[in-house]
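Here is the structure we will look at.
Bear in mind that the values in this text are calculations on the coordinates, not laboratory data. If you're wondering where the values come from, they're calculated on a predicted model, not measured in any experiment. Cβ atoms come from the backbone with ideal geometry, glycine included; neighbour counts cover every protein chain shown.
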Amino acid sequence: MSADEPQGYDYGAVTKSPVSWDDFQDLKRVLGFSDRDQQLLLRAGEMIGPRLEELLGHWLDQLGPWVHATFSGPDVERYSSTAGARFGRGMLDGFTRTYDQKWLDYQHEIGLRHSRTKKNRTDEVDSVPVVPFRHLVASIHVLSEIPDKLLDGVSSADAAGIRAAWSKSLLLQVALWSRSYVTADDW
C-alpha cells in the first residue's frame, strides 16, 4: 500500500477470485460490456478522479442513511472513515483500472468484505455482521448517477456512453460481489 492509498486497500495483493476468467468474460458478454466501454470509463476516470469527493458526496446524499446504518460500535468514526476512503478508491478503480485478473480478484475481495466471510475484519471492528446483499443491488440505481457537471466538455453522445458503461460496470461489480454471498453451485 502506498502512503496515498486508504488503510486496508490492498489492490493486487489479495486472494485470486474463484470466478474463472471464462465466467468473467461471460458476464461481460451478458452485460454487453465492451472494449469501448472500458475506454469510455478510462476517459471518464481522468475527469472524475480529481473530483471524486464531489461524486461521492452526490451519492452519499442519497445513500447516507443506509450507509451509516452499516457502521456501529465503539470505533464507528475510525471505521466509517477508513471504509469510506476505500469505497471511494474502489469506485474510482471502476473508472481507472483495466478489468484484468487483478481487478477481478479485488472485486471478489470487496464481496468478501461485505459478506459474513470477512465483514469487519479489515478494520478489526465490532459492527453489523453483514451488508445485506439486497442493499448492494438496490444501491446500483443511485451509484449509476453521474452528475452532468462532472462530465463538462464531453459531447452528449459520449456522456451517454460513459453513463451506460458505468451502469454496466456497476452491474458487473455487484454480480462479482454476489459470489461471496452464494454457494458455488448457485452462483
Take the alpha carbon gyration tensor of the range 1-58, find the square roots of its eigenvalues, order them as a ≥ b ≥ c, and report rounded if a/c is under 1.5; if not, report prolate when a/b exceeds b/c, else oblate.
oblate
Reachable aspartates and glutamates from LYS119, criterion Cα separation under 13 angstrom, eight or more residues apart if same chain:
GLU109
Fully extended, how many nm does the chain gain between SER178 and LYS118 (0.36 nm per residue separation, minus their Cα-Cα distance)?
20.2 nm
Cβ-Cβ cut-off under 14 Å around TYR11, Lys and Arg +1, Asp and Glu -1: the net charge is -1
Name the residue, out of LEU63, LEU41, LEU176, whose mean-square fluctuation peaks in a Gaussian network model built on the chain with Cα pairs under 10 Å.
LEU63
Convex hull volume per residue for the range 14-110, taking Cα atoms only, in Å³:
127
Based on DSSP H runs of at least 4 residues, each adding -39500 (n - 2.57), what is the mean residue ellipticity at 222 nm of the chain after dividing by all its residues, to the nearest 500 deg cm²/dmol?
-19500 deg cm²/dmol
Please report the base-10 log of the normalised intensity I(q)/I(0) for the range 78-187, using a Debye sum with one equal scatterer per alpha carbon and no solvent, at each q in 0.19 (1/Å).
-1.07
Which aspartates and glutamates, on any chain, are close to LYS149 with Cα under 12 Å apart, when same-chain ones fewer than 8 places away are left out?
GLU54
Near LYS118, which lysines are there with a Cα under 28 Å away, not counting those fewer than 8 places off in the same chain?
LYS16, LYS28, LYS102, LYS168
If we restrict to alpha carbons, what Rg and Dmax does the range 54-104 come to, in Å?
13.0, 38
Could you tell me which residue out of GLN38, PRO74, LEU60 lies farthest along the dipole of the range 38-103 toward its positive end? Charges go on the beta carbon: Lys and Arg +1, Asp and Glu -1, centred on the Cα centre.
GLN38
Simple SL model, points at 7 angstrom along Cα→Cβ for ASP4 and VAL137; separation in nm is 3.8
With charges set only on the Cβ (+1 for Lys and Arg, -1 for Asp and Glu), what does the dipole of the chain come to about its Cα centre, in debye to the nearest 20?
300
Counting other beta carbons within 10 Å of each Cβ, put VAL131, VAL137 in order, fewest first.
VAL137, VAL131
Quick one: give the max-minus-min coordinate of the C-alpha atoms of the chain along each principal axis, largest first, in Å.
48, 37, 32
Using θ = phi - 60° and the Karplus form 6.51 cos²θ - 1.76 cosθ + 1.60, what ³J(HN,Hα) does each residue of the range 107-114 get, whole Hz, x for Gly and Pro?
4, 5, 4, 4, x, 4, 6, 9
